[in-house]
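The values are calculated or read from the model by the stated rules, or taken from the named source; none is laboratory data. The structure displayed is predicted, hence computed values, not measured ones. No Cβ is skipped: glycine too gets one built from the backbone with ideal geometry, and neighbour counts run over all protein chains shown. Side chains included, ligands, DNA and RNA excluded: accessible areas come from the protein's heavy atoms. Shrake-Rupley method; radii C 1.70, N 1.55, O 1.52, S 1.80 Å.
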Amino acid sequence: MMTPGVAVGSEGLYETLYSDNHARILRLCRLLVGNDQLAEEAAQDAFLKLHVALRAGKEHPDWQRWLTRVAVNGCKDMRRGSWWKNWLRGDEGFDESAYADRGDDPERMVLGRRERLRIHGALDRLTDRQRRVFILRHLEGWSTEEVGELLGVDAGTVKQHLFRAVERLRRALGSSR
């Protein structure tokens, strides 16, 4: 992984940040918008903004965090847009081939696909803020304070949304914990 705070003038900084973060940012966008094509657009937009910032000579102590913020905000704007509901009416959501199980056992493949569909369905039933909080906190590993800073809310609000998200996911997935 890239070391946070690498100087902007470093040769190949963009390429390094792209190669180190593209898969993670794309996964994050897929989880936030629930659609492969829109996720690719959001990720591409985030990397375009990174390229523009680096070309302008901007410096940042942690470009990975900056890139994550840009991607999350881009996904948030995308979901907020009035065209979102109209566009989704004709869309079938995730391209499951992108998540295909590479095992040889057909039964495992079918069960894995069903489980992924259940998880994606449960994530889709969360509110946008609950989904963002859950993904940033549990999948990206951000602290409660970092999530709050990104979303512009205090840590208590993050904890409240996280609690509600976990409860909704447990109910949706049938967990009794």
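For segment 106-121, the tally of residues that are modelled with pLDDT of 75 or more and among the aliphatic types (A, V, I, L, M) stands at 2.
Considering only residues that are under 14 Å from CYS75 (Cα atoms) and among the aliphatic types (A, V, I, L, M), which ones fall in segment 19-65? Scanning segment 19-65 gives ILE25, LEU26, LEU28, LEU31, LEU32, VAL33, LEU38, ALA39, ALA42, ALA43, ALA46.
Sort out for me the helices (runs of 4 or more DSSP H) sitting completely within segment 1-102 that have 3 or more residues that are open to solvent by 30 Å² or more (accessible area, probe 1.4 Å) and modelled with pLDDT of 90 or more.
The qualifying helices (runs of 4 or more DSSP H) are 13-33, 36-55, 63-80.
Pairs are defined by a Cβ separation below 9 Å, a sequence spacing of at least 6 or placement on different chains, a first member in segment 45-71 that is more than 18 Å from GLY12 (Cα to Cα), and a second member that is open to solvent by less than 60 Å² (accessible area, probe 1.4 Å) and aromatic (Phe, Trp, Tyr); the pairs so defined are ARG65/TRP142; THR68/TRP142; VAL70/PHE47; ALA71/PHE47. Taking segment 142-177 as the search range and keeping residues that are of a type in the set (S, T, N, Q) and outside any loop (DSSP other than H, G, I, E, B), which one is least open to solvent (accessible area, probe 1.4 Å)? Step by step, filter segment 142-177, then rank; the result is THR144. Scanning segment 116-141 for residues that are open to solvent by less than 60 Å² (accessible area, probe 1.4 Å) and hydrophobic (A, V, I, L, M, F, W, C), we see that the one that is nearest to ALA172 (Cα to Cα) is ALA122.
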